[in-house]
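The values are calculated or read from the model by the stated rules, or taken from the named source; none is laboratory data. Please read all numbers here as calculations on a predicted model, not as lab measurements. No Cβ is skipped: glycine too gets one built from the backbone with ideal geometry, and neighbour counts run over all protein chains shown. SASA here: full protein model, heavy atoms, side chains in, ligands and nucleic acids out. Shrake-Rupley method; radii C 1.70, N 1.55, O 1.52, S 1.80 Å.
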Amino acid sequence: MSEARERLLDTATRLFYAEGIHTVGIDRIIAEAGIAKATFYRHFKTKEDLVVAYLVREYDRQRDVLESVPGQGADGIVTIFERLGELSCGPGFRGCPFLNAAVEFPNPEHAVRKVVDDYRGWFRDLMATRLRAAGHDDPDRAARALLLTRDGVALSGGLGDNETVQAGIRIALAQLVTHG
């Protein structure tokens, strides 16, 4: 990846996450990245292409982090949700970048929504795989419940509702204890 493309993505990531995708214009990203407008358009045909690249990069980052969580089965899920809880209650947390993007791009056929759907499907599959390894009696249903819990934890964390984040973590862990 070229240095200019990297700077564009770094700048877009910071601004999109902090302020929202639709509120941040291309000219501001270009100015803060310190590149020429022609350089932007050499790397991205449209702002939407930049948004997709931002989400794909975040998806890759989260996949690398979550797939490297040690422990198979329930132990790994516990660790994932504990980390999610810590992150969600931390400074600067503004919610899930995928859910935030989905709100701004309501058309389910849009390329941005496709990345969001892919990410959520991947997370659900990761949970189901770990639940199967733990011998869960209904890993697909429980994985959907864990995805819903993850979404709620991220949303509550973005709103600064740390008590609800902690309640969500307890609900996720109860899925493992009562059905594992």
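Listed by first and then second residue, the pairs linking a residue in the stretch 41-57 that is closer than 14 Å to GLY25 by Cβ and β-branched (Val, Ile, Thr) to a residue that is part of a helix (DSSP H, G or I) and modelled with pLDDT of 95 or more, with Cβ atoms under 6 Å apart and 6 or more places separating them unless they lie on different chains, are VAL51/VAL112.
Search the stretch 48-107 for residues being open to solvent by less than 50 Å² (accessible area, probe 1.4 Å) and assigned to a loop (DSSP other than H, G, I, E, B), and hand back the single one that is farthest from ARG132 (Cα to Cα). This residue is PHE105.
Is it fair to say PHE98 is at pLDDT 95 or above and closer than 18 Å to LEU146 by Cβ? In short, yes. Scanning the stretch 27-52 for residues that are closer than 19 Å to HIS110 by Cα and of a type in the set (A, V, I, L, M) gives LEU50, VAL51, VAL52. Going by the conditions given, is ALA36 of a type in the set (A, V, I, L, M, F, W, C), out of contact with any Gly (no Cβ under 8 Å at 6 or more places or on another chain), modelled with pLDDT of 95 or more and open to solvent by 60 Å² or more (accessible area, probe 1.4 Å)? Against the criterion (of a type in the set (A, V, I, L, M, F, W, C), out of contact with any Gly (no Cβ under 8 Å at 6 or more places or on another chain), modelled with pLDDT of 95 or more and open to solvent by 60 Å² or more (accessible area, probe 1.4 Å)), ALA36 does not qualify.
Taking the stretch 1-33 as the range and being closer than 23 Å to CYS96 by Cα, open to solvent by less than 40 Å² (accessible area, probe 1.4 Å) and among the aliphatic types (A, V, I, L, M) as the test, the residues that pass are LEU8, LEU9, ALA12, LEU15, ILE21, VAL24, ILE26, ILE29. Listed by first and then second residue, the pairs with beta-carbon distance under 7 Å, at least 6 apart or on different chains, first residue in the stretch 1-16 and aromatic (Phe, Trp, Tyr), second open to solvent by less than 40 Å² (accessible area, probe 1.4 Å) and outside any helix (DSSP H, G or I), are PHE16/VAL24. A Cβ distance below 8 Å, combined with a sequence gap of six or more or placement on separate chains, defines the contacts here; from the stretch 17-34, residues that are hydroxyl-bearing (Ser, Thr, Tyr) reach residues that are at pLDDT 95 or above and assigned to a helix (DSSP H, G or I) in the pairs TYR17/PRO97; TYR17/ASN100.
In summary, ASP137 fulfils each of the numbered conditions (1) over 14 Å from GLY168 (Cβ atoms); (2) in a helix (DSSP H, G or I); (3) open to solvent by 40 Å² or more (accessible area, probe 1.4 Å) with the single exception of condition (2).
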